Amino acid sequence: MFHASRWGALALAVGVVGQLGCAGLWHRIDRDDLDRIPNDEKLALFDAENEVIIAKDNIEAVEREISDGREAVERARVKIKALEENPDVAGISSPDVLELYREWAKLRYELREDEMRHSYVKREVADEELWLARAHYELAKAQLVHDHDPERGADVDVEAFEGQVQDWEAKVAERQAELDESRIIREEVRSRYDDVSKRLQEASGGAFGGPWAD
């Protein structure tokens, strides 16, 4: 089971990744170096800049997902605690239904924790996708300087910028593979939860375990 202490460790790791900004890219082009580039040629940067914006938006979306996930985990934990302290709080008279309800509540807690684990993996993927987007942006600037500013462009090693992109593509692919594995684990937990939910709905005549239950 995925506990709060591990969330903290993952959150710290994510924070460290964010602080390594200066170390993320080894090859950069100062924006001032584009001063001599005709404005109409700078339109080539639009797609690369947009990629960076989208990557940042994706990080914000995952962070909201993590925040919502923490609240969902806490609600599930409180429900289990309430059942342990007073089984009558569920308002279920049938012992068999109550037992199924307890099992369902525990699996819901496990599912919410696993969703949090998965969200942290998504966060790591989003971080590296942002670095890849930045690498594409630096490559786009390097190509502009190389192609349109002969004096400065002679010192720009475009292949080095291309290699930087390839490095981050490899890192993203590795993280994506981890995300795929994480998704399989999440679906296994979801399958067990859905099975108990279905049995609880049938046993309670639809009163408990439905898709509306948080």
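Every number in this text was worked out from the coordinates using simple rules, so none of it is lab data. All figures in this text were calculated on a predicted structure; none of them were measured in a lab. Here Cβ is always computed from backbone atoms with ideal geometry, including for glycine, and neighbour counts include all displayed protein chains.
Note on Arg190 and Asp147: their simple-model spin labels are 4.2 nm apart, each label 7 Å out from Cα toward Cβ. [x] 18.4; [y] 28.5; [z] 20.6: which one is Kirkwood radius over Cα pairs in Å as calculated from this entry? Checked against the structure: label [z].
Build a GNM of the chain with springs between Cα atoms under 10 Å apart, and of Ser182, Ser191, Ser93 the one that fluctuates most is Ser93. With R₀ fixed at 35 Å, the C-beta to C-beta distance from Asp155 to Lys56 puts the FRET efficiency at about 0.70.
With 0.36 nm allotted per residue and the present C-alpha distance subtracted, the Glu71-Phe46 stretch has 5.2 nm of extension available.
Pairs of lysine residues in the chain that meet both criteria, 8 or more places apart or on different chains and Cα atoms under 21 Å apart, total 9. Once the chymotrypsin sites (Phe, Trp or Tyr not before Pro) in DSSP loops with at most 13 neighbouring Cβ atoms within 10 Å are cut out of the chain, the longest remaining piece is 27-211.
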